[in-house]
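Written below as structure tokens is the structure these notes are about.
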Amino acid sequence: GLNFIDLMVRQGNIDNPPKTPLVPGFECSGIVEALGDSVKGFEIGDRVMAFVNYNAWAEVVCTPVEFVYKIPDDMSFSEAAAFPMNFVTAYMMLFEVANLREGMSVLVHSAGGGVGQAVAQLCSTIPNVTVFGTASSFKHEAIKDSVTHLFDRNADYVQEVKRISTDGVDVVLDCLCGENTGKGLSLLKPLGTYILYGSSNMVTGETKSFFSFAKSWWQVEKVNPIKLYEENKVIAGFSLLNLLFKQNRGGLIKGVMDKLLNLYNNKKIKPVVDSLWALEEVKEAMQRIHDRGNIGKLILDVEKAPTPLVS
């Protein structure tokens, strides 16, 4: 699976990036080729998907058994590679952090991306949840049925949301950061939850620019704890990779994966795969994410031959 975090790794926009040379990638699917001596529950030949702490973009990947899950029989390998990061992130934010319930409302940015589409599908499993989404206008036709109200990502979505729901929304999921933080907090209802789960606005241009990075964070309105208390608002952060690889919550994530696979088997959710790319085409694939051209997930397929570029 190819994720926005991979662009941030490439540009050096993450804390403590590993030393180069490194193989990127945090999730994959494939067939079990070998097992450690004490591994139980899996056999050679099993179809599996897994989280990996880097090194996923390879023909052979090694990862601890607690991060590996069996693939349902009717799920393809490309769907499986698109499943773990997006759906676990969306599920954890909606149900573990924001406590989504019937009748609530959610605002999600980048509604056409992998996490955005997972959020929209999971919201549809709860009765009467209203989903407000922002996305590039060229994606609207393709994703308009997945959300309740869709806005252009460059429009004044704060006014658009308030026009429809005068008192705002219950949950804001923000992967953009920067000036959107203040806007998101202003849209929260009392007892609402704002969750920052990425900062894709930090990925700007072709090279890392410290000044664009600093400007993005400088625009985050200083959050005043007393104001949060007076307005009854919750502000939260969520990083799946830290939860898995730094905070040792693999057991918690396994329970979430069990619930998600149950939803998949009951045809309530289905990963959206945007496109498949050969390993040699990783540059073009990353450019597609950078330009926010994708609807759903981009997948690197080690068995795919590079497609000749047509002029």
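Calculate how large, on average over all directions, the projected area of the Cα convex hull of the chain is; give the answer in nm² to one decimal.
Values: hull surface 69.0 nm².
Approximately 17.3 nm², given one-decimal rounding.
Let me know the charge dipole size of the chain about its Cα centre in debye, to the nearest 20, where only the beta-carbon of Lys, Arg (+1) and Asp, Glu (-1) is charged.
Working: 30 positive and 35 negative charges, 144 e Å.
Computed about the Cα centre, the dipole is about 700 debye.
Taking amide hydrogens as modeled 1.01 Å from N in the peptide plane, which residues meet the under 5 Å criterion relative to Gly296, leaving out close sequence neighbours?
Gly113, Gly114
Once the dipole of the range 77-196 is set up with Lys and Arg at +1 and Asp and Glu at -1 on Cβ about the Cα centre, which of Leu187, Ala90, His140 lies farthest towards its positive end?
Comparing the listed Cα positions along the dipole, Leu187 ranks first.
Picking from Met104, Ala34, Cys175, whose Cα lies most toward the positive end of the charge dipole for the chain (charges on Cβ: Lys, Arg +1; Asp, Glu -1)?
Sorting the options by dipole projection puts first Met104.
Strictly over 27 Å apart at the Cα level, which of Lys162/Lys259; Lys19/Lys70; Lys144/Lys297 would you flag in this model? Can you show the working numbers first?
Values: Lys162/Lys259 34 Å; Lys19/Lys70 32 Å; Lys144/Lys297 17 Å.
Among Lys162/Lys259; Lys19/Lys70; Lys144/Lys297, the Cα-Cα distance tops 27 Å for Lys162/Lys259; Lys19/Lys70.
For labels at Ile164 and Val39 in the simple 7 Å Cα→Cβ model, what's the distance in nm?
Computed distance between label sites Ile164 and Val39 equals 4.5 nm.
Looking at the chain only, what percent of DSSP beta bridges run antiparallel? Nearest 5 please.
Numbers: 9 of 34 bridges.
So the antiparallel bridges amount to about 25 percent of the total.
For the chain, which DSSP H helices look membrane-span-like by this rule: Cα extent along the axis of 18 Å or more and mean Kyte-Doolittle of at least -1.0? Walk me through the numbers on the way to the answer.
Details: long enough: 250-265 (22 Å, 0.31).
Qualifying helices, which must be both long enough and hydrophobic enough, are 250-265.
Which GluC sites (Glu not before Pro) from the range 268-303 combine a DSSP loop assignment with at most 16 other Cβ atoms within 10 Å? Don't skip to the answer; put the middle values down first.
Numbers: sites: Glu280, Glu281, Glu284, Glu303; in loops: Glu303.
In loop regions of the range 268-303 (DSSP not H, G, I, E or B), the sparsely surrounded GluC sites (Glu not before Pro) are Glu303.
Taking the Cβ of Leu2 as the centre, find all other residues whose Cβ is under 12 Å away and add up their charges (Lys, Arg: +1; Asp, Glu: -1). Spell out each step's value before the answer.
Values: positive: Arg10, Lys283, Arg288, Lys297; negative: Asp6, Glu27, Asp274, Glu281, Glu284, Asp301.
The answer is -2.
Rounded to a whole number, what % of the accessible area of the chain do carbon and sulfur atoms account for, probe 1.4 Å? Provide the component values of the computation, followed by the final result.
Numbers: 8410 of 15740 Å².
So the carbon and sulfur contribution to the accessible surface is 53 percent.
Efficiency by 1/(1 + (r/R0)^6): what FRET value for Thr307 and Lys19, r their Cβ-Cβ distance, R0 = 35 Å, to the nearest 0.05?
Details: r = 33 Å, r/R0 = 0.94.
Plugging the Cβ-Cβ distance into 1/(1 + (r/R0)^6) gives 0.60.
Between Ser239 and Asn262, what length in nm is gained on full extension when 0.36 nm per residue of separation is reduced by their alpha carbon distance?
That works out to 5.9 nm of additional length.
The values are calculated or read from the model by the stated rules, or taken from the named source; none is laboratory data. Worth saying up front: this structure is predicted, and the values here are computed from it rather than measured. Here the Cβ is made from the backbone with ideal geometry for all residues, glycine too, and neighbour counts use every protein chain on show. Heavy atoms of the whole protein, side chains included, go into the accessibility calculation; ligands, DNA and RNA do not. Shrake-Rupley method; radii C 1.70, N 1.55, O 1.52, S 1.80 Å.
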